[in-house]
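Visitor: Encoded as structure tokens, here's the structure I'll be asking about.
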Amino acid sequence: MTVALIVLALFFAWSMGAHYTGACMGMPHALGALTRWQALVVMAPLAFLGATFASHAVELTVADRLTTRDLGLPAGMVAVGVAFALTTVYTQLRVPTSTIQILVFSFVGLALGDRMEVRWLTIGLLATTWVCAPIVACGLGYALTKCFDRIPVFREPKPFDSSQATVGPGSAGYSQVATASDVLAVALVAVGAGASFVMGSNDVANATGALVATRIFSPLAAGAVGGAGLAVGVLTWGRPLLERIAFEIVELDRPMATAAQAVQAAVVITAVSFGLFTSMNQALVGAMTGAGMARGRETVSRKVLTGILRGWVLGPAAATALAFGIARVVVVLAGSGALR
């Protein structure tokens with residue numbers, strides 16, 4: 001059963017690595033700063049490093065702060081299995097969702113089904129973080145976009161007009177446009193790389209927190225194992241969500257995208273530093289919305305956004321119901337406490 005839980009955690013990490021490519025590298029790819037393969041190659045090792053070295057507080061939150069009793073191996077398998085299955089379905093449907101919310105409510109459903117006591121204070125604190133994160137990201141996205149608009153080097157350069165005799169290759173005007181474009185591309189790749197590191201630290205505990213809870217691995221070892229799974233998921237199945245974010249959701253220029261991605265990473269890493277975790281997708285959409293408001297235009301497709309919001313609502317509900325149902329079946333067949 002120990003080996004089965006480790007394998008299941010690895011598969012879940014693999015699924016999450018694919019699921020979050022769009023949230024981390026969708027905009028650098030969409031705006032031409034990186035090709036599809038370059039985006040995935042940059043993201044994979046950074047996600048591994050974030051998971052290995054910056055996830056320990058979040059690992060302990062999953063392990064010790066969601067229920068009042070230590071999880072047994074059967075409970076760990078149910079919680080991770082439910083979260084893995086639902087995340088995989090959402091990835092296959094190309095719908096960004098919150099794996100964190102799915103995992104936490106898998107634990108809630110499991111605990112309720114086996115009559116374990118839930119630490120509702122922790123759940124409430126996490127829920128407050130989930131509500132506040134996109135709101136804060138929206139405000140910061142607005143403010144940072146306004147700030148970038150006041151910095152000449154961060155202004156999106158106007159397309160080169162070959163009909164202008166005074167502006168061409170080798171001219172001062174052409175050089176200024178190229179320099180501004182290069183600076184924006186480097187900035188966008190940098191914040192995407194930062195978001196990739198943050199994703200590893202924020203999300204790996206969804207897969208490997210149960211390994212810490214069942215005392216199979218230390219937080220460092222669990223982070224490294226999960227980080228390897230994240231990296232493989234990015235490289236092998238990351239394209240669908242990368243292109244979903246890149247080409248179907250966002251309408252941003254490079255300064256707006258840089259602001260949104262930087263805000264996303266800052267909001268999430270702040271939560272992680274307190275041992276909390278929040279949705280990369282929700283933080284990104286909030287930041288994108290704020291960046292658009294700063295320019296007086298919509299940056300998120302309403303149709304696609306409606307589908308994402310529906311997924312965020314249905315995901316936790318489905319996780320609670322499915323984990324509760326499985327727990328009740330196990331209790332009926334094997335007796336109360338069989339999952340502990």
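The values are calculated or read from the model by the stated rules, or taken from the named source; none is laboratory data. Everything numeric in this text was worked out from a predicted model, so none of it was measured. Because the Cβ atoms are built from the backbone with ideal geometry, glycine has one as well, and the counts that use them run over all protein chains shown.
Table: residues versus (1) modelled with pLDDT under 90; (2) polar (S, T, N, Q); (3) surrounded by fewer than 18 Cβ atoms within 10 Å (Cβ to Cβ); (4) more than 27 Å from Gly223 (Cα to Cα).
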residue: Gln264; (1), (2), (3), (4): no, yes, no, no
residue: Thr278; (1), (2), (3), (4): no, yes, no, no
residue: Val285; (1), (2), (3), (4): yes, no, no, no
residue: Thr289; (1), (2), (3), (4): yes, yes, no, yes
residue: Met293; (1), (2), (3), (4): yes, no, yes, yes
residue: Pro316; (1), (2), (3), (4): yes, no, no, no
residue: Leu322; (1), (2), (3), (4): no, no, no, no
residue: Ile326; (1), (2), (3), (4): no, no, no, yes
residue: Val330; (1), (2), (3), (4): yes, no, no, yes
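Visitor: Moving on to the next point. Determine whether Glu117 is farther than 28 Å from Ala47 by Cβ, at pLDDT below 65 and acidic (Asp, Glu).
Guide: no
Visitor: Looking only at residues in the range 295-308 that are in a helix (DSSP H, G or I) and either at pLDDT 75 or above or of a type in the set (Val, Ile, Thr) (or both), which one is surrounded by the fewest Cβ atoms within 10 Å (Cβ to Cβ)?
Guide: Only one residue tops the list, namely Thr306.
Visitor: If you check Met16, Met27, which single one turns out to be more than 17 Å from Leu230 (Cβ to Cβ), buried (at least 24 other Cβ atoms within 10 Å of the Cβ) and touching a residue at least 24 places away in the same chain (Cβ under 8 Å)?
Guide: Met27
Visitor: Right, Thr52: β-branched (Val, Ile, Thr), touching an Asp or Glu at 6+ places or on another chain (Cβ under 6 Å) and surrounded by fewer than 24 Cβ atoms within 10 Å (Cβ to Cβ) or not? Don't jump to the end; show me each part of the working.
Guide: On the way: β-branched (Val, Ile, Thr): yes; touching an Asp or Glu at 6+ places or on another chain (Cβ under 6 Å): no; surrounded by fewer than 24 Cβ atoms within 10 Å (Cβ to Cβ): yes.
So Thr52 does not fit the description; no.
Visitor: Return only the number of the condition from (1) modelled with pLDDT under 95; (2) closer than 16 Å to Val7 by Cβ that Glu248 does not satisfy.
Guide: Glu248 satisfies all of (1) modelled with pLDDT under 95; (2) closer than 16 Å to Val7 by Cβ except (2).
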